[in-house]
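The values are calculated or read from the model by the stated rules, or taken from the named source; none is laboratory data. None of these values were measured; they are calculated from a predicted model. Because the Cβ atoms are built from the backbone with ideal geometry, glycine has one as well, and the counts that use them run over all protein chains shown. Areas reflect the complete protein model, heavy atoms only, side chains present, ligands, DNA and RNA absent. Shrake-Rupley method; radii C 1.70, N 1.55, O 1.52, S 1.80 Å.
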Amino acid sequence: MKLIAGNWKMFKGPRETREFCAAFSTPAGVDAVLCPPFVSLPAAVESGHTVFAQNVHWADDGAFTGEISAPMLLELGVSGAIVGHSERRQYFGETDETVARRTVAALRHGLRVIACVGESLEERESGQMDLVLRLQVETIADVAGAEEGLAIAYEPVWAIGTGQTATPEQAREVHAFIKSLLDVPVLYGGSVKPDNAEELLSQEGVDGALVGGASLDVESFTAICQAAAT
Ligand code: PGA
């Protein structure tokens, strides 16, 4: 079954979350996950949908202002977390090492994890893509291995929020490369929309999608989930 995760980023407080959740139902044959901001997690969990956080810290508790731990998420009924999203790497100093630490701690507590990797346009065009992806994936593989509950999201940075997706061939090629380094489900992310979802999701090695902008609207997120179910 394909995993379709809606990464809402810093959109939708509790009220809008309740509205979305009331209007959304997961189509049969797909593993649909909602990833709202931290303050909206309780509202999403109460709706009965499967819910992931957008980040999780490696310590159970401690002096880490602004962070949230795996036991805290579990207490709320959250099932997993995204870690290492490119926006965290780009704006908040997330590194391959911190991503790996977050991943291993979350898995140890029984949370599912979507760990994000992806190259920038400059890295792709200068021939650094394989090296960058290898470092990102192997840092996770070294500490976590192909553990149950772990998925990688391949999100080329140049495709996020730009309307420019990887071609099906590019996705196939990179997904195969990632799986050769760490044999876990690999999701594609970066401008997935209702009109390109079916083609991307039908590629070999594409085990689901991490959807940003198009996950904010119930109809378009439902259409993407339906494309994954067919
Ligand atoms: P996008 O975002 O679908 O809006 O490109 C994807 C992501 O950042 O996870």
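A few comments on the model shown:
- With a cut-off of 19 Å on the backbone N, the residues of the stretch 39-58 near the modelled label site 7 Å out from MET1 along Cα-Cβ are 45-53.
- In nm, spacing of pseudo-spin labels at GLU46 and GLU198 (7 Å Cα→C-beta vector): 3.8
- For the chain, a/c is not less than 1.5, where a ≥ b ≥ c are the root eigenvalues of the C-alpha gyration tensor, and a/b does not top b/c. That puts it in the oblate class.
- Distance between the stretch 141-156 and the stretch 46-94 - C-alpha centres, whole angstrom: 16
- A helix-only calculation puts the chain at -12000 deg cm²/dmol for mean residue ellipticity at 222 nm, using -39500 (n - 2.57) for each DSSP H run of at least four residues, averaged over all residues.
- Extension gain, LEU135 to PHE38: 0.36 nm times the residue separation minus the Cα-Cα distance gives 32.0 nm.
- Accessible carbon and sulfur surface of the chain relative to its total accessible area, %, 1.4 Å: 50
- In the context of the full set of protein chains, the stretch 146-230 has a per residue accessible area of 40 Å² (1.4 Å probe).
- Lysines whose Cα lies under 18 Å from that of LYS2, excluding same-chain neighbours fewer than 8 positions away: LYS179, LYS193
- Selection among TYR91, ALA209, LEU34 by position relative to the dipole of the chain gives LEU34 as farthest towards the positive end (Cβ unit charges, Cα centre).
- The candidates MET129, MET72, arranged from most to least accessible area with a 1.4 Å probe in the full protein assembly, appear as MET72, MET129.
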